[in-house]
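For reference, the structure discussed in these notes is given below.
Nothing in this text is a laboratory measurement; each read-out follows from the coordinates by a stated rule. Since the structure is predicted, the reported quantities are computational estimates derived from the model, not experimental observations. Here the Cβ positions follow ideal geometry from the backbone for every residue, glycine too, while neighbour counts run over all protein chains shown.
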Amino acid sequence: MKTVTLGVSSVEATRRRMAAAFQGEAQDTLISFTSIELLWKVLTVKRWEILHAMTGQGELAIREVARRVGRDVKAVHGDVVALIHAGVLERSGDGVLFPYDAVHVDFTLGKAA
């Protein structure tokens, strides 16, 4: 099963992961955001529905994604484009792809300043 982790990571932590990867150290698949606020801004409830509908499904046309989530094609298209720009979805052939069978969300909420 191919799992992606969505999480919050500082730029420095991301640099360390990249350096380790360049040294040949295996890395888990991670899509990171610089803040929890950015994660929630990008991954809205409607966009989570899209990811849920696409998980483990292979390439799908945007029209098919819209049918699966019961939404207007134009609105889904806007959300899909936002997810592509965020690096969560990929353009593929005549459609879009979320190439994972599972999603894990990982972040820690600490004490307010």
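Across segment 47-54, rounded Karplus estimates of 3J(HN,Hα) from the backbone phi angles (6.51 cos²θ - 1.76 cosθ + 1.60, θ = phi - 60°) give 6, 4, 4, 4, 4, 4, 5, 9 Hz, Gly and Pro being marked x.
Coupling constants for segment 99-112 follow from the phi torsions by the Karplus curve (6.51 cos²θ - 1.76 cosθ + 1.60, θ = phi - 60°), and in residue order they are x, 10, 9, 7, 10, 10, 9, 9, 7, 10, 9, x, 4, 5 Hz; glycine and proline get x. Taking only Cα atoms of segment 22-113, what ratio of Rg to Rh do you get with Rh as the Kirkwood inverse-distance radius? For segment 22-113, the value is 1.02.
Check the straight Cα-Cα distances from Lys46 and name the lysines below 28 Å, setting aside those fewer than 8 residues away within the same chain. Reachable lysines: Lys2, Lys74.
If packing is taken as the average count of other Cβ atoms within 10 Å, what order do 33-45, 71-83 fall into, highest mean first?
On the way: 33-45: 13.8, 71-83: 16.5.
Final packing ranking: 71-83, 33-45.
Near Leu30, the amide H atoms lying under 5 Å from its own belong to Thr5; only residues 5 or more places off or on other chains count, and H is placed 1.01 Å from N. At full extension, Trp48 and Met1 could sit 15.0 nm farther apart than now, given 0.36 nm per residue minus the alpha carbon distance.
Helical content alone sets the calculated 222 nm signal of the chain at -13000 deg cm²/dmol, taking -39,500 (n - 2.57) per DSSP H segment of four or more residues and averaging over every residue.
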